[in-house]
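K.L.:
Can you read through this structure? Questions will come right after.
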Amino acid sequence: MAVSEGSIRATGSCALLLDCNKVNLMSPSVDPTLVFQELPAAAAIAEELLEDLDDGELDELFSEALSMLALIFNLTPHSMEFEKHIIPEDIEPFDDDFSGFSGTERDFLRQRAEHHKRSNYIQAFRFMHRFVKTIEVRLSGHVHTLHFQQPLTAMWYVQESTKQHILDTIPFSSPDIKAKAFLQLCIEAHAESQHIRRLSRFSVVQGQFLKLAQRHLPDGFHRPFQIFLANDAKLMAQLMQILLLLGIALALHVGVFLVPCDSLEGSSFGSDEQKETCWTSGLTEKIAYAMALVYLICTLLWLVVTSCIRIPLIMQSQQKEPRQGGRWLAAKAIGLLLTQVSFTWRLLLLSCCGGALFTDHFWLWSFLMMDLFCQNHVLSTVLVAISAPAKSLAMTFLGVGIVTFFYAAIGFHWFRSAFGDYCNENVITCTQNVIYQGTRNGIVGLSSMMKQVMPEDSQTWLQRMSYDITYFIVYGVMILNTIVGLIVDSFSSLRANQTARELHLDTQTFIACLDRKKIDTVAQTLGISDGFAYHETYKQNKWDYMAFVFYLREKRLQDCTGPEQLIFDLLNEGDYKWLPLGHSLLLERADAELAGSDDALLRIEVKLDRFAQKVGTAEDWKVLTRSVADLAASVRKRLDGMQEDLGGLVQNIRTTVTGSHPVGSRSFHSHNADRVNSLVAQKQSRSSTGGDTMNGQTSIVIAA
């Protein structure tokens, strides 16, 4: 609304002064060129304002435009002409240089105004289009399109890592299980996005000064979490990369410049006798402390932001009763947070950095390079492959201890003198020595620990050979290969699951679980080149369905339409039947176009018309006709050759039938010969009258 100059007190409204220049731009008779020039700055301001709006304020400001877009999207499937005129397409840029224009100045201004008017419409349409999404739902056995206003939480507060987590963890065993798990993951993502939104909007300036801070201060000055969570938490990802580079640099710095103090006896810098390791110079020590301090601060920031995000979400998921104790719930949430591998790993690296910084155990900084295993995808897969069979590996190592204890007991009783000092105390000491000494050598076994025995020693040769060889077979072959096999099987399983997941995402639609070939085939009949990508992007976009779940959970029930209320009830009951599993309007549209024809000839005519449209000009049609004629001549020549071959085959059959039976079976010969001659005559008669050559050839073969 536009008001006169003075004191304005309003909440949730947008006001412009009557004498403001912006009011002139709102006039219907304004020059489109002036609007085009002011539009980029206005769009940038609108982007900043949208950050401070909620869904109610957004609906209040843009409800008319959003309703108009929903109406447009409802009408476009019914009229291609309407869609062609109302949906904007990219246009060529207009050259503002009049010297290169062939025409009068009046024509130049008119065409420029038309171009800017169209450009203004395109920018406005694209600005509002992102707020309206369309999905396909299945209600009462039929698939319908549903348009809704995309919530701001789905637009700006869903991190890319959350989407990737959904793709990496959702099961693909069956469409029903997949749909149910997808909805549950969307509900969890909604709780996370709402909490991230609250953190992003948290300001250190409160009360009446908040509006002033929003107008005159950058977001980073009064919104601490906005710095890390803006732009899909881009700064958090950059912070992780900085930590990795700092850790590698600090570890290499320790490896090069940290030396024993004995090697620096002639230097005044290495004169401290209490230290075992010293830096080569004071400069290298200052550089090490500076990098360690930056690493410590960055790690603390990451831990604080992650804790502020995760702990409330864990508390919300663990709170079963409304009056449950807050302190106990917070302690439980912290305990569950410590079970997350990424958080615990970062906390361990912080302990190594702080321990080295405050206790002068600088060698601990070398462990910071291990962060590469956490942030590199290939190395993290190695850790997962080793940790996945952790229980089986632990039981295998327990079996190693039991087997070693058993062999140590035998050696302690029968071969104590051969072991010498390794087994002269008790069985436990003998077991420890067997485990250590038996594995530290290149060849796993007991030979390096025991006295050598030759075949001439008939009393102990057989016993020692059996003892040594069985230990090598059990421990060196069976147990160690079992450990290797568990890890290799884990790698194979991870690789197979990853390959199957990628294959499923590439060959099946995510929501409807339809085959990609089927979608591409139907799309080609409708004139769509990449049907699978078109279907997954515009028809059944999985993230649009997630936005719809956000929309239902944030909208008041009394404001929902009939279908929205029905889906809301199904969603609360955990029912996924409203998802179009095995159905798509793209397929139904193609089937309806084919089934709408009265008979097969009309359907063929429709296909021929589409084919003719794809062919192009009349010259292209002549070239195609000539090519078809050449192909027909080649096929006809080939059929004539096949006819001659079949004629020779018939002659051979006649000879065989006549000469392969005794004279007493002459009636049988004459009957078959007459039948073959009759079929040949029929075939020749059809060939002479232009009949079906292939039918004649088929008859001769059957007769033969």
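The values are calculated or read from the model by the stated rules, or taken from the named source; none is laboratory data. The structure presented is a predicted model; accordingly, all values stated were derived computationally and were not measured. Reconstructed Cβ throughout: ideal geometry from the backbone, glycine too, with neighbour counts over all protein chains shown. Keep in mind that these areas ignore ligands, DNA and RNA; they rest on the heavy atoms of the full protein, side chains included. Shrake-Rupley method; radii C 1.70, N 1.55, O 1.52, S 1.80 Å.
K.L.:
I'd like to check something: does the stretch 163-171 contain any residue that is at pLDDT 90 or above and either on the phi > 0 side of the Ramachandran plot or part of a loop (DSSP other than H, G, I, E, B) (or both)?
P.N.:
Yes: the stretch 163-171 contains one or more residues that are at pLDDT 90 or above and either on the phi > 0 side of the Ramachandran plot or part of a loop (DSSP other than H, G, I, E, B) (or both).
K.L.:
Across the stretch 50-88, what is the number of residues that are touching a helix residue (DSSP H, G or I) at 6+ places or on another chain (Cβ under 8 Å) and either among the polar types (S, T, N, Q) or modelled with pLDDT of 80 or more (or both)?
P.N.:
Result for the stretch 50-88: 11.
K.L.:
Looking for whichever is farther than 30 Å from Arg495 by Cβ and part of a helix (DSSP H, G or I) here; the options are Ser380, Ser392, Ser351. Which one fits? Please lay out each step first, then the result.
P.N.:
On the way: Ser380 fails: farther than 30 Å from Arg495 by Cβ; Ser392 fails: farther than 30 Å from Arg495 by Cβ.
Checking each option against the conditions leaves just Ser351.
K.L.:
Confirm whether Ala330 is open to solvent by less than 40 Å² (accessible area, probe 1.4 Å), under 25 Å from the mean Cα position of the chain (by Cα) and modelled with pLDDT under 90. It would help to see each step written out before you state the result.
P.N.:
Details: open to solvent by less than 40 Å² (accessible area, probe 1.4 Å): yes; under 25 Å from the mean Cα position of the chain (by Cα): no; modelled with pLDDT under 90: yes.
Against the criterion (open to solvent by less than 40 Å² (accessible area, probe 1.4 Å), under 25 Å from the mean Cα position of the chain (by Cα) and modelled with pLDDT under 90), Ala330 does not qualify.
K.L.:
Identify all residues within the stretch 188-220 that are surrounded by fewer than 14 Cβ atoms within 10 Å (Cβ to Cβ), of a type outside the set (S, T, N, Q) and in a helix (DSSP H, G or I); write none if there are none.
P.N.:
Listed by number, the residues that qualify are Arg198, Gly207, Phe209, Lys211, Leu212, Arg215, His216, Gly220.
K.L.:
Sticking with this one: Just to check your reading of the model, which residue among Ser161, Ser174, Ser119, Ser140 is hydroxyl-bearing (Ser, Thr, Tyr) and within 17 Å of Phe510 (Cβ to Cβ)? Full working, then the answer.
P.N.:
Numbers: Ser161 fails: within 17 Å of Phe510 (Cβ to Cβ); Ser119 fails: within 17 Å of Phe510 (Cβ to Cβ); Ser140 fails: within 17 Å of Phe510 (Cβ to Cβ).
Result: Ser174 is the single residue among Ser161, Ser174, Ser119, Ser140 that is hydroxyl-bearing (Ser, Thr, Tyr) and within 17 Å of Phe510 (Cβ to Cβ).
K.L.:
To continue, here is another question. Given the criterion polar (S, T, N, Q) and touching a residue at least 24 places away in the same chain (Cβ under 8 Å), identify the matching residue among Ser193, Ser203, Ser173, Ser140. Can you show your working first?
P.N.:
Numbers: Ser203 fails: touching a residue at least 24 places away in the same chain (Cβ under 8 Å); Ser173 fails: touching a residue at least 24 places away in the same chain (Cβ under 8 Å); Ser140 fails: touching a residue at least 24 places away in the same chain (Cβ under 8 Å).
Checking each option against the conditions leaves just Ser193.
K.L.:
Next question. Out of the residues in the stretch 107-143 meeting the condition of being in a helix (DSSP H, G or I) and of a type in the set (Ser, Thr, Tyr), tell me which one is most open to solvent (accessible area, probe 1.4 Å). Step through it out loud before you land on a result.
P.N.:
Just the residues of the stretch 107-143 that are in a helix (DSSP H, G or I), to begin with: 107-129.
Adding the requirement that they be of a type in the set (Ser, Thr, Tyr) leaves 119, 121.
Details: Ser119: 13, Tyr121: 73 Å².
That would be Tyr121.
K.L.:
Of the residues that make up the stretch 418-434, is at least one surrounded by 15 or more Cβ atoms within 10 Å (Cβ to Cβ), out of contact with any Cys (no Cβ under 7 Å at 6 or more places or on another chain) and either in contact (Cβ under 8 Å) with a residue 60 or more places away in the chain or not in a helix (DSSP H, G or I) (or both)?
P.N.:
no
K.L.:
Hey, among the residues in the stretch 115-136 that are of a type in the set (D, E, K, R) and touching a residue at least 40 places away in the same chain (Cβ under 8 Å), which one's nearest to Phe36 (Cα to Cα)? Break it down stepwise before answering.
P.N.:
Start the filter on the stretch 115-136 by keeping residues that are of a type in the set (D, E, K, R), which leaves 117-118, 126, 130, 133, 136.
Checking the rest, the ones that are also touching a residue at least 40 places away in the same chain (Cβ under 8 Å) come to 117, 133, 136.
On the way: Lys117: 8, Lys133: 27, Glu136: 36 Å.
If we take residues in the stretch 115-136 being of a type in the set (D, E, K, R) and touching a residue at least 40 places away in the same chain (Cβ under 8 Å), then Lys117 is nearest to Phe36 (Cα to Cα).
K.L.:
Answer yes or no as to whether Ile386 is modelled with pLDDT under 90 and either assigned to a helix (DSSP H, G or I) or surrounded by 13 or more Cβ atoms within 10 Å (Cβ to Cβ) (or both). Let's see the steps before the verdict.
P.N.:
Working: modelled with pLDDT under 90: yes; either assigned to a helix (DSSP H, G or I) or surrounded by 13 or more Cβ atoms within 10 Å (Cβ to Cβ) (or both): yes.
Yes.
K.L.:
Need pairs with beta-carbon distance below 8 Å; first residue more than 12 Å from Ile410 (Cβ to Cβ) and within the stretch 450-473, second of a type in the set (S, T, N, Q) and in a helix (DSSP H, G or I); sequence gap 6+ or separate chains.
P.N.:
So the pair list comes out as Lys451/Ser417.
K.L.:
While we're on this one: Please find, among Ala512, Ala523, Ala533, the residue that is open to solvent by less than 60 Å² (accessible area, probe 1.4 Å) and part of a loop (DSSP other than H, G, I, E, B).
P.N.:
Values: Ala523 fails: part of a loop (DSSP other than H, G, I, E, B); Ala533 fails: part of a loop (DSSP other than H, G, I, E, B).
Matching residue, one of Ala512, Ala523, Ala533: Ala512.
K.L.:
Is the stretch 540-550 home to any residue that is out of contact with any Asp or Glu (no Cβ under 6 Å at 6 or more places or on another chain), in a helix (DSSP H, G or I) and open to solvent by 70 Å² or more (accessible area, probe 1.4 Å)?
P.N.:
No, the stretch 540-550 has no match at all.
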